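What follows is a short report on a single structure.
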Amino acid sequence: MTPRSDKGRKLLDWMVKAISVCAALLGLFFLGWILFVVIDRGIAAINWQFFTKLPMPPGMEGGGVANAILGTMIMTALATLLGVPAGLLAGVYLAEFGKHSRLGAWVRFTVNVLMGIPSIILGLFVYSILVYPFGTFSGWAGGVALSILMFPVVARTTEDMLSMVPNALREAALAIGNPRWMATLSIIFRAAKSGLITGVLLSVARVSGETAPLLFTALNSSYMMKSLNEPLANLTVTIYQYAMSPYDDWNQIAWGASLLIMTAVLLLNLAARFAVREKKI
Amino acid sequence: MTAALDEKMPRRFTDEETGEEGAKIEAFLHHFQEEDEEDTVSSAKISARNLNFYYGDQQALFDNNLDIAEGRITAIIGPSGCGKSTHLRIYNRIFQLYGNQRAEGEVLLDGKNLLDSGTNLIELRRRIGMIFQKPTPFPLSVFENVAYGLRLHFKMPKSELNGRVESALKKAALFDEVKDKLDKPGVALSGGQQQRLCIARTIALEPEILLMDEPTSAIDPVATRKVEELAEELKGNFTIVIVTHSMQQAARISDFTAFFYKGKIIEYGLTKEMFTNPKQKQTEDYITGRFG
């Protein structure tokens, strides 16, 4: 028996390391590339009018997407208002009350399936229940479609974050004479706070960039919003329509809108990271 | 490690040694003699009757019968996995957090079976406080950690709340150390301080019974001493049940000791009698360090 040379092993070790570093850098590379292209093309569209003016017909100077910015914000807020409380509560059920129950297992499975449903199908579904019966595309329908998209994401992250809170704290909270719901809201939620905030922020970031669910629900509009009962302008469908158009100035605005959404999503992600970091101190 | 330390203990009682070691034995026994009188009369605060416990299909406790003396410290000792904590965790029904655990039999608290489905768990847990193995401060400030339970169970003006928080922290021998950081997070304290914070939080509610589940196993010796002193000071007002891995701790602070082995209560009686003259072979083997 002679000792094996470690040359081969060292080489293999080095190769695996090198390949995995390359794969990791790939992610960084594409994010950098996307950022570069979007900033490069979009920055020219960003000016004061972009944020304050309504869209103009092709060829006319000085149009903006003020209505779409407002519409996207309102629908995202609506979706957050509907989707986050429902998602949080469902997550609480999964982590605290129905963890080992049969119903809990079914709900968990359903939420996972819901998370995997393509967003365009959700759009079609909401079209069939809120657009077709009422005879008009509407901001309401858009918000509802986005909230359905948000629900499973929030529910799952809530469950994960609450499950990370050690049972010792749960026992301590109950041992002092808390009812279960109170222990959950005042102690367990607080312990999981940063994780929950992160989950909500990421889900907001996720839906604020969705296009497909809005195509069949809010559609788009070139007017300022008067009510939520009519088609509602939004950034993503604007990008879709303007980028497909043959007009250079519309293409330009599509790039500008892309940059805007990208920046917002990036900021939300940074905020989420910040929320997590704050916990460690 | 504890086994090695414990090995010395029985010799102090049985061997007729002279010199320094002998003097120690004298002092040790004298300590017991002093307590003789107070041990004679005490009524049962909690009585377990034919208590069985199951984790799913697996039975963990077998026909436990135990009387916990009012106003005294009862120690529960035994090797790991013998059901000490399991037994303790039935008293405040905290085991119910987990769906697959169940208890059968009776646990009488002042004569009423607390395992009855009609028992008000919130009231039960106010009357029976629990200290856990690991310090579990709530994610709140030091002050709020103690005020939390008070607010939960009582309505009182702010000034009274402040007074009660301060008095609980003083009782837990913590106030001097934290009086300048009452608004700092409870988790920022040291481990020993956190454990005393948990004790303060529990005794603030003026429970009748204090369950301590290896309260010193995760903290340093100095803090351990403080917690033990605290337990000794609190007895009389509180009925204390303490689960411990340390036989020295049981000998130091408890009036009564119950020895658990494989889910059964092998022996129960006055601590001094059990440590000087165990009736059961298994008890003797355990406290002389032959197993466990």
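Throughout, read-outs are computed from the coordinates displayed, never taken from laboratory work. This one's a predicted model, so the numbers in the text were calculated from it and none came from an experiment. Note: ideal-geometry Cβ built from the backbone for every residue, glycine included; neighbour counts use all protein chains shown.
Close amide H partners of B:Met212, meaning residues 5 or more places away or on another chain with modelled amide H under 5 Å apart, are B:Ile131, B:Val241, B:Ile242, B:Val243.
Find the relative contact order for chain A and round it to a whole percent, using C-alpha pairs within less than 8 Å whose residues are 6+ positions apart. If you can, show how the numbers build up before the last one.
Working: 385 pairs, mean separation 72.0, N = 281.
Over chain A, the number comes to 26 percent.
Would you mind giving the mean number of other chain beta-carbons within 10 Å of the Cβ of each residue in B:135-146, as a whole number? Walk me through the numbers on the way to the answer.
Working: counts 2, 10, 2, 10, 11, 4, 0, 0, 0, 0, 1, 0.
Mean partner-chain Cβ count within 10 Å for B:135-146: 3.
Computed over the Cα atoms of the stretch A:64-280, the ratio of the radius of gyration to the Kirkwood radius (Rg/Rh) comes to 1.05. Arranged from fewest to most other beta-carbon atoms within 10 Å of their beta carbon, B:Tyr268, B:Tyr286, A:Tyr132 become A:Tyr132, B:Tyr268, B:Tyr286. Largest GNM mean-square fluctuation across A:Val21, A:Val165, A:Val237, computed for chain A with C-alpha springs under 10 Å, falls on A:Val21. Could you give the DSSP H helices of chain A that reach 20 angstrom or more along their long axis (alpha carbon positions) and whose average Kyte-Doolittle hydropathy is no lower than 1.0? Once both thresholds are applied, what remains is A:7-42, A:66-92, A:193-208.
Count the DSSP beta bridges whose two residues both fall in the protein assembly as shown, then state the antiparallel fraction as a percent rounded to the nearest 5. Write down the numbers at each step before the final one.
Details: 25 of 43 bridges.
Around 60 percent antiparallel, to the nearest 5.
In terms of other Cβ atoms within 10 Å, A:Cys22, B:Cys198, B:Cys82 run from fewest to most in the order A:Cys22, B:Cys82, B:Cys198.
How many Å³ per residue does the convex hull of the Cα positions in the stretch B:154-249 occupy? Don't skip to the answer; put the middle values down first.
On the way: hull volume 10.1 nm³, N = 96.
Taking only Cα atoms, the stretch B:154-249 has a hull volume of 105 Å³ per residue.
Using only Cα atoms, locate the centre of the stretch A:95-109 and the centre of the stretch B:112-131, then give the distance between them in Å, rounded to an integer. About 27 Å separates the Cα centre of the stretch A:95-109 from the one of the stretch B:112-131. Among the chymotrypsin sites (Phe, Trp or Tyr not before Pro) in the stretch A:214-280, those placed in a DSSP loop whose Cβ has at most 15 other Cβ atoms within 10 Å are A:Tyr223, A:Tyr247. Look at the stretch A:176-185: the mean tally of other chain Cβ atoms within 10 Å of its residues' Cβ atoms is 5.
Rounded to the nearest Hz, the phi-derived 3J(HN,Hα) couplings of the stretch B:264-272 under the Karplus curve 6.51 cos²θ - 1.76 cosθ + 1.60 (θ = phi - 60°) are 10, 8, 7, 8, 9, x, 4, 4, 5, where x marks glycine and proline. Pairwise alpha-carbon distances in the protein assembly as shown exceed 41 Å for 46% of all pairs. Taken residue by residue and averaged, Cβ atoms of other chains lying within 10 Å of the Cβ of B:93-99 number 4. Mind telling me which of A:Ser245, A:Ser101, A:Ser20 comes out most flexible in a GNM of chain A, alpha-carbon contacts under 10 Å? Of the options given, A:Ser20 has the highest mean-square fluctuation.
In the stretch B:59-166, the alpha-carbon atoms span a convex hull of 157 Å³ per residue. Separation of the stretch B:230-268 from the stretch B:190-207 is 19 Å, based on Cα centroids.
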